[in-house]
Amino acid sequence: MNSILSLAQASENARSFDTLLLVLVLFSLAIVTLVGTLVLVFSIRYRKGSKVTRHRVPRLLSHQIEWGWTSATVFVALFFFWGAASIMVRQLDPPPDAMEIHVEAKQWMWKARHPNGTREINALHVPMGQPVKLYLDSQDVIHSFFVPAFRLKQDVVPGRTATTWFTATEPGTYHLFCAEFCGTSHSQMTGEIVVMEPEDFSAWLANRPEGDTLVAEGRKLFTTAGCSGCHAEGSDVHAPDLNGVAGRRVALADGRVVTADDAYLRDSILLPARDVVAGYAPIMPDFGGILETGEVTALVAYLRSLGTQEGETP
């Protein structure tokens, strides 16, 4: 089924988005038609020289009309706000069984890494009907991950890990664009999302060369970068326990309590003196000039995995 914009509807979110947009367009057309009709009728009926009675509307009736159309406008605005907010909020929370894929934006390409380490450039193969959660990072400037057929757009800002998700509903190949001007070759920063039947996707993935997963790469960095010297079990240094840290509520030395999301974990690596955990001294070194963007992403992915490894609880 095609949308009113003549674009394919290839995700669950696209259907909700198009339904809301269609309702807004039809409502706007109804208002324009009503106002235009009233203007035309009043222009003819009350034209100069017509013998129509012209008298003031009683004050009470005038107030009732004002209250009526104002209340109706507020109600309609709240209804549309509820519809749009419902779609946006639902887009914030992916299902727990979503497949995680890491995407890195770089002038001027998209680099994707699957859970088994398989990598792609300017392409992303996904199974139909399977929720897919994307972790998006940028190596250089602001980019925007835009898939029109999915009605999906997410800015990718350097120094932050953005997340978004989708469930593809129609097999096929769909355009991927960068929707944020990112330099001289911005127009060439394109790619494709290939939606495959689950069995075809499994066969495609099995025939692709595997590499180190992002978690495995982060596990190595955790040792080589010296993180394990303070945070590993049995360390002589008094440092926070990182098992299950992702998503946990963390009390800070300044009295605040924050959630250890991706942004917090990244900032704790690059700006460790900003959010010091309560009960610990601010002695962690700054890795901002030591680790590259991809290495920080790998470390964050490893920290997210610590709460779900065998023998541990999230």
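The table that follows gives values for the structure above.
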item: Dimensions (Å) - region 160-314, Cα atoms, principal axes, largest first; result: 53, 41, 29
item: Nearest-ten-degree value, helix 293-305 long axis tilted from longest Cα axis of the chain; result: 90
item: Accessible area of region 219-307 belonging to carbon and sulfur atoms, whole % at 1.4 Å probe; result: 57
item: Karplus (6.51, -1.76, 1.60) ³J(HN,Hα), θ = phi - 60°, over region 147-157, in Hz, Gly and Pro reported as x; result: 10, x, 5, 9, 6, 10, 9, 9, 5, 10, 9
item: Relative packing of 105-117, 29-41, which averages over residues the other C-beta atoms within 10 Å, highest first; result: 105-117, 29-41
item: Sequence of M128, M189 from largest to smallest accessible area, 1.4 Å probe; result: M128, M189
item: About the Cα centre, charge dipole magnitude for the chain (Lys/Arg +1, Asp/Glu -1 at Cβ), debye; result: 2680
item: Accessible area in the full protein assembly, largest first, 1.4 Å probe, for H55, H125; result: H55, H125
item: Among T33, A84, S11 - extreme Cα towards positive end, dipole of the chain, charges at beta-carbon; result: T33
item: Per-pair calculated FRET efficiency, R0 = 35 Å: H175 and R274 via Cβ, rounded to 0.05; result: 0.35
item: Accessible-area composition of region 75-140, carbon plus sulfur, in percent [1.4 Å probe]; result: 67
item: Equivalent ellipsoid, region 91-250 (semi-axes from 5 times Cα gyration tensor eigenvalues, Å); result: 30, 20, 16
item: Among [x] 17.4; [y] 15.7; [z] 25.4, the entry that matches mean projected area of the Cα convex hull in nm² as calculated here; result: [z]
item: Sequence of T118, T213 from largest to smallest accessible area, 1.4 Å probe; result: T213, T118
item: Region 47-86: projected area of the alpha-carbon convex hull, averaged over directions, in nm²; result: 4.4
item: Cα shape, region 65-114, gyration tensor, a/c 1.5 rule; result: oblate
item: Protection proxy ranking, peptides 260-269, 215-224, 179-188, 293-302, average beta carbon neighbours within 10 Å, highest first; result: 293-302, 260-269, 215-224, 179-188
item: Ranked by how many other beta carbons lie within 10 Å on average, peptides 235-244, 165-174, 70-79 from highest; result: 165-174, 235-244, 70-79
item: Karplus-derived 3J(HN,Hα), 6.51/-1.76/1.60, for each residue of region 97-102, Hz, glycine and proline x; result: 8, 5, 6, 9, 10, 9
item: Alpha carbon convex hull of region 56-140, volume per residue in cubic angstrom; result: 183
item: Among V147, V57, V195: highest mean-square fluctuation, GNM of the chain, C-alpha pairs under 10 Å; result: V57
item: Whether region 141-234 is rounded, prolate or oblate, judged on the alpha carbon gyration tensor where a/c under 1.5 counts as rounded; result: oblate
item: Projected area, mean over directions - region 75-184, Cα convex hull, nm²; result: 8.3
item: Rounded to whole Hz, the Karplus (6.51, -1.76, 1.60) HN-Hα couplings of region 42-52, x for glycine and proline; result: 5, 5, 7, 5, 10, 5, 4, x, 6, 9, 8
item: Cβ-based charge dipole, region 116-264, positive-most Cα from L252, G191, L242; result: L252
item: Linear extension gain, Q64 paired with S50, 0.36 nm per residue minus alpha-carbon span; result: 2.2 nm
item: Accessible surface, per residue, of region 65-196 when the full set of protein chains is kept, probe 1.4 Å, Å²; result: 50
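The values are calculated or read from the model by the stated rules, or taken from the named source; none is laboratory data. Just so it is clear, the model here is predicted, and its values are computed rather than measured. Neighbour counts run over all protein chains shown; Cβ positions are idealised from the backbone, glycine included. In case anyone asks, the SASA skips ligands and DNA or RNA and just uses the protein heavy atoms, side chains included. Shrake-Rupley method; radii C 1.70, N 1.55, O 1.52, S 1.80 Å.
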